[in-house]
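The values are calculated or read from the model by the stated rules, or taken from the named source; none is laboratory data. Nothing here was measured: the structure is a model prediction, and the numbers come from that model. Cβ placement follows ideal geometry from the backbone for every residue including glycine, while neighbour counts extend to all protein chains displayed.
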Amino acid sequence: MSDVVALQVPVLIRFLFDHGPLAVQVFLVLGGYLSAKSWSRALADADFRFLHRLSSRYQRLAIPLLAALSFAVIATAVVRPFFDHPSLSAAPEPLQVVAHILLLQDILQLEAFSAGVWYVAIDFQLFALGLGAAVVARRWQRWSGQGRVAQKAVVLWVGLAMASLFVWNLQASLDMWAVYFFGAYGLGLCVGIWRQAGFPLSHLHLAVLIALVNCAAWLEQPRMRLLVAMLTAVLLALYEFREGRSIEILKNKWVRQLSDASYAIFLIHFGVSLLFSAVVTNLWPTHVVANALGMLASFVTSIAAGRCLHAQVEKQPPNWRRLLQWAAAFGASCTAVIWLT
């Protein structure tokens, strides 16, 4: 649909195509920030358990993902006979199914069943890497007996972030690993825990330091993604400098509802867009208005479907039993598609 609409508004579609992925940098910084906020108070507690937190994160990510992938696999199979498009994945294979459940599809260089699955895998890797560094900081604290564990966590996160910004992020071959993205994620981690670390520098000073480090990385190799990550981290630091006072517009009920369901909307949109694209392309292949309305309808339906997925699946308490149930449902969906293909 976007290809047809681009005939009338090429600048807009090209802008979204070229620069839309930069939003990922905002997600990465915010992801690190929220992770640090969730760890900050418990970091010094005796019951800060690595495996428990890691498994909980995996469950929260994987359960709605498997539900959305089940839908995407079925939607792809339904439209494949009459919709020829590069975004359609081939019929599932057993190794692919297992790789998606374990978030290993990109590492194993297997085709993904849905757009955005790579980001879920990277988010989990980043969470694990940041959490692992926090655990090392706890052991460092027990060994030294001086200072604060949060300070030591910041030192480790800064070291990883610097290595990412100046080394790993320059190597495109590493883009299926967390180290490639840790520069942005690490910025969010540091902003999120800066207050608990108790450094003699305010968040305003931190914002300046972030800008200086990122400018140095930019001089080594200009990257637009680096600029977006820096601006996001600086804004967060300034927000913390204002003592985290609420922004009025964010208090609106509809903003909170969309925020709560954002992950589910992100997961489900591919399957929904696929169905709308198949229908509109077959009925009105060159009609610009019809394709524009199709894009709008796909957008609105994705939000509605995402809110439903959030309410019925993501919002329910995660546990291993529910994870296994959805893994079984995903496997059954893929098996049915394989048999019917």
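Some notes on this structure:
- Qualifying residues in segment 63-92 (those that are in a loop (DSSP other than H, G, I, E, B) and free of Cβ contacts under 8 Å to residues at least 60 places away in the same chain) - the one farthest from the chain's Cα centre (by Cα): D84
- When we screen L324, L296 for residues that are farther than 30 Å from E93 by Cβ, out of contact with any Leu (no Cβ under 6 Å at 6 or more places or on another chain) and surrounded by fewer than 20 Cβ atoms within 10 Å (Cβ to Cβ), the only hit is L296.
- Selection count, segment 123-147, where residues are of a type outside the set (G, A, S), touching a residue at least 60 places away in the same chain (Cβ under 8 Å) and within 30 Å of G271 (Cα to Cα): 4
- In summary, helices (runs of 4 or more DSSP H) completely within segment 125-220 and bearing 3 or more residues that are out of contact with any His (no Cβ under 9 Å at 6 or more places or on another chain) and under 18 Å from A44 (Cα atoms) occur at 149-166, 178-197.
- When every residue of segment 326-339 is checked against the conditions, at least one turns out to be aliphatic (A, V, I, L, M), in contact with a Pro (Cβ under 8 Å, 6 or more places away or on another chain), in contact (Cβ under 8 Å) with a residue 24 or more places away in the chain and under 23 Å from A77 (Cα atoms).
- Exclusive hit being touching a Lys or Arg at 6+ places or on another chain (Cβ under 6 Å), surrounded by 15 or more Cβ atoms within 10 Å (Cβ to Cβ) and either within 30 Å of I74 (Cα to Cα) or of a type in the set (A, V, I, L, M) (or both), set A229, A261, A237: A261
- Of the residues screened, R57 is one that is buried (at least 17 other Cβ atoms within 10 Å of the Cβ) and at pLDDT 95 or above.
- The numbered conditions (1) more than 13 Å from the chain's Cα centre (by Cα); (2) closer than 22 Å to I193 by Cβ are all true for R14 except (2).
- Counting only residues that are free of Cβ contacts under 8 Å to residues at least 24 places away in the same chain and in a helix (DSSP H, G or I), segment 284-298 holds 5 of them.
- Only a single criterion out of (1) exposed (fewer than 13 other Cβ atoms within 10 Å of the Cβ); (2) farther than 12 Å from P64 by Cα; (3) not polar (S, T, N, Q) is not satisfied by P317, namely (2).
- The number of residues in segment 19-62 that are over 13 Å from the mean Cα position of the chain (by Cα) and basic (K, R) comes to 4.
- Test set (1) surrounded by fewer than 19 Cβ atoms within 10 Å (Cβ to Cβ); (2) not in a loop (DSSP other than H, G, I, E, B) - V97 fails condition number: (1)
- Of all the listed residues (I338, I303), the sole one being closer than 26 Å to A90 by Cβ and either of a type in the set (G, A, S) or surrounded by 15 or more Cβ atoms within 10 Å (Cβ to Cβ) (or both) is I338.
- A134 meets the stated requirement of being surrounded by 21 or more Cβ atoms within 10 Å (Cβ to Cβ) and either within 22 Å of G32 (Cα to Cα) or not small (G, A, S) (or both).
- Residue within segment 65-73 that is among the aromatic types (F, W, Y), over 30 Å from S40 (Cβ atoms) and buried (at least 18 other Cβ atoms within 10 Å of the Cβ) present: yes
- Restricting segment 33-55 to residues that are part of a loop (DSSP other than H, G, I, E, B) and in contact (Cβ under 8 Å) with a residue 12 or more places away in the chain leaves a set whose member that is farthest from I210 (Cα to Cα) is F48.
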